[in-house]
């Protein structure tokens, strides 16, 4: 197995606009990596390309050494808005869907996460608040045993207390060699669990740095991120 | 193949919900129609209309069978819409299978759901038929079945069935093609800010594509199919149309698989 993620020379254009250009990114196994950038920087697009749901890009994307989209999808778990289910669908039916479609789905792990998130299996999607739905999405995403987890702003609707609790527990849910790529606006809250920070600016990865190195410079991740943007603006 | 089967099972399960709903609606509406055909309400109570030639159950069976031609097309339209929704759904497109295979699975499950609908209708109609025989022995005695099956009639029957199947598949493919290609072309054009403008451009693209398809279809009939199929096999009439539809369907399927694999993206949510 190769690295959980290896991207070389990625270019993606849509509606005559370059969204990603000459992007290279490699993530090592077992890391928790923050994908940071302004709104519209291309974080979601990058995750969509990695997962194979965005098309017509140039460059190479490898997930666990696999380039074919079907193989990539089998080795990653991407947060999904569950829009493919009717609002009347029960959580228990969604679990069945995941069990059948994903051979790596771990029911025991899901049950633990479901209890942790305080979600009842007989609840229907229409009965879930935005926060509860996001908790369900996080639980489903982490119930798969994969090499790469892609979390696209997974905590935005979750209340502050639950968010802190979930972020602290992420480290327990992931397998030792799995890597998490998470994009989130709450940099200070996820900072404690991060190993690396990747910043997207000007349509490409302009900074990839370990949190260890950031802290060695006597900076917090949030300060580093803010100062990075300040520096860019000054220049 | 395992993933193909698993995905097929889930897709069919989703589409079978529509089938069950429509069969129940067909059953209830045919019962209600039969009831109001055979009973009239006046003077505060129901009265049996005795001027009908058929008894109640055979009449209900006939109505139920004829309602297949109303509910069948409704189911077909629902599956056409559902196919395209699923093709665009991120939830479904994230399944660990290639997008082209997913597309084939999606269309196949819709087609099987149509067969399932016909099968359920047949079983219910058969049930009503036996109830009619038991309830009205005279009805059973008066039944006469005559089956004149010469080779030509049988072949024509088979051709018509094949043509119906191929036409149903063709419409699935055509709708997907227009959806995929118009979306793909839109993604190459500059971003429009207004949804109305986007819809207008999309409709315009679809009209152009339809025109191109009609032209292509004519060329196909006049050259390739005529040359390779009609002349080589000496087929004529219905068999020719069936053969042509089969070739056209294969081409459309190939184009759609290519478009979904390379251009048609799942929704962002």
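The values are calculated or read from the model by the stated rules, or taken from the named source; none is laboratory data. All values reported here derive from a predicted model rather than from experimental measurement. Cβ: placed from backbone, ideal geometry, glycine included. Neighbour counts: every protein chain shown.
Here is a yes/no grid of residues against (1) in contact (Cβ under 8 Å) with a residue 60 or more places away in the chain; (2) in contact with a helix residue (DSSP H, G or I) (Cβ under 6 Å, 6 or more places away or on another chain):
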{"residue": "A:62", "(1), (2)": "yes, no"}
{"residue": "A:65", "(1), (2)": "yes, no"}
{"residue": "A:69", "(1), (2)": "no, no"}
{"residue": "A:96", "(1), (2)": "no, no"}
{"residue": "A:99", "(1), (2)": "no, no"}
{"residue": "A:117", "(1), (2)": "no, yes"}
{"residue": "A:138", "(1), (2)": "no, no"}
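Could you please let me know if residue B:107 is assigned to a helix (DSSP H, G or I) and surrounded by fewer than 18 Cβ atoms within 10 Å (Cβ to Cβ)?
Numbers: assigned to a helix (DSSP H, G or I): yes; surrounded by fewer than 18 Cβ atoms within 10 Å (Cβ to Cβ): no.
For residue B:107, the condition - assigned to a helix (DSSP H, G or I) and surrounded by fewer than 18 Cβ atoms within 10 Å (Cβ to Cβ) - is not met.
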Legend entry - Matching residues, the range A:48-71, being more than 10 Å from chain B (Cβ to nearest Cβ), part of a loop (DSSP other than H, G, I, E, B) and under 23 Å from residue B:89 (Cβ atoms): none
Legend entry - Scan of the range A:65-97 for residues that are modelled with pLDDT under 95 and under 18 Å from residue A:182 (Cα atoms), ordered by number: A:79, A:80, A:81
Inset, instruction - Go through the range B:78-102 residue by residue and tally those that are within 8 Å of another protein chain (Cβ to nearest Cβ) and either under 19 Å from residue A:97 (Cβ atoms) or crowded, with 21+ Cβ neighbours inside 10 Å (or both). - result: 12
Inset, instruction - Can you work out which of the residues in the range A:72-111 that are over 25 Å from residue A:130 (Cβ atoms) and over 17 Å from the mean Cα position of the chain (by Cα) is farthest from the other protein chains (Cβ to nearest Cβ)? - result: A:108
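So how many residues does the range A:27-47 have that are free of Cβ contacts under 8 Å to residues at least 24 places away in the same chain and either within 25 Å of residue A:169 (Cα to Cα) or assigned to a helix (DSSP H, G or I) (or both)?
Number satisfying all stated conditions: 0.
One line per residue, one yes/no per condition, for (1) within 14 Å of another protein chain (Cβ to nearest Cβ); (2) closer than 17 Å to residue B:83 by Cα; (3) free of Cβ contacts under 8 Å to residues at least 24 places away in the same chain; (4) in a helix (DSSP H, G or I):
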site	(1), (2), (3), (4)
B:170	no, yes, no, yes
B:174	no, yes, no, yes
B:180	yes, yes, no, yes
B:187	yes, no, no, yes
B:190	yes, no, yes, no
B:203	no, no, yes, yes
